[in-house]
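For reference, the structure discussed in these notes is given below.
Just so it is clear, none of the values below were taken in a lab; they were calculated from the coordinates. Computed from a predicted structure; not experimentally measured. Using ideal geometry, Cβ is built from the backbone for each residue, glycine included, and neighbour counts are taken over all protein chains shown.
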Amino acid sequence: MLIEAEQVFSLPFPGDQAAALAFLRDPARSLSRLRFLHELTVSTETPAEVRAVLVVQMPMLGSVTLPLHSRLIVTPGGARLESLPIADERAWIELSGEGSTDSNPGGTTLEYSFHFTAHLEAPSAEQWGGAAFEKMVRAAAARTLTRLAQELPAGISAALPAQPDT
């Protein structure tokens, strides 16, 4: 079963464009305050690899852990996450997206676009009861993933540096 969610948003950045680029290109820092993301690690290789476990409470299934594995590609205007597949997992999540900066006389803005695809192994739907259960699980998973995607702006905003002294 595949469940998808997207989130596109902008955040004002309390610094110049160079500092904003550094923040975008440091997922250990920029993603550190997302409450649903656990065991976040970023390799020092180039391109860096980002690994984490997304932990969510899902109706009917309880606590579900979804590992993720992405590659961080530095771009001229920011950074891009490319999801990497995870073999031998019953449930996992693809996290891909892009971040860029926009500077104007009013300040610097971070522009984000994230895409989640949850891979969930559902119970067999051989009978009507199984099909109904699968439909309920799919609906609950979709609501949960959408809610998590909606939490991205607040979580990343919490990781922003303090407003510089003027």
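Here are the numbers:
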{"item": "Rounded if a/c under 1.5, otherwise prolate or oblate - region 15-80, Cα gyration tensor axes", "result": "prolate"}
{"item": "Charge dipole (debye, nearest 20) of the chain; +1 at Cβ of Lys and Arg, -1 at Cβ of Asp and Glu", "result": "360 debye"}
{"item": "Within region 15-100: Cβ-based charge dipole about Cα centre, in debye rounded to nearest 20 (Lys, Arg +1; Asp, Glu -1)", "result": "220 debye"}
{"item": "Selected from Leu37, Ala52, Ser103, residue furthest toward positive end of dipole (the chain; charges at beta carbon)", "result": "Leu37"}
{"item": "Crossing angle, helix 128-159 versus the chain [Cα axis fit, 0-90 degrees, rounded to tens]", "result": "10 degrees"}
{"item": "Helix-only CD estimate at 222 nm, as mean residue ellipticity for the chain, using -39500 (n - 2.57) per DSSP H run (n ≥ 4)", "result": "-8500 deg cm²/dmol"}
{"item": "Label-point gap, in nm, between Ser103 and Met58 - each point 7 angstrom along Cα→Cβ", "result": "4.3 nm"}
{"item": "Simple spin-label estimate for Arg143 and Ala22 in nanometres, 7 Å along Cα-Cβ", "result": "4.4 nm"}
{"item": "Under DSSP loop assignment and at most 13 Cβ neighbours within 10 Å, longest trypsin sites (Lys or Arg not before Pro)-free interval of the chain", "result": "91-166"}
{"item": "For Phe36, residues with placed amide H under 5 Å, excluding near neighbours", "result": "none"}
{"item": "Extended-chain gain in nm, criterion 0.36 nm per residue less alpha-carbon gap, Ser32 and Leu2", "result": "8.2 nm"}
{"item": "Longest exposed-site-free window of the chain, the sites being GluC sites (Glu not before Pro) in a DSSP loop that have at most 14 other C-beta atoms within 10 Å", "result": "1-44"}
{"item": "Rg/Rh ratio calculated on Cα atoms of region 10-52 (Kirkwood radius)", "result": "1.01"}
{"item": "P(r) of the chain over all Cα-Cα pairs, binned every 5 Å from zero, in whole percent", "result": "2, 8, 16, 21, 17, 13, 9, 6, 4, 2, 1, 0, 0, 0"}
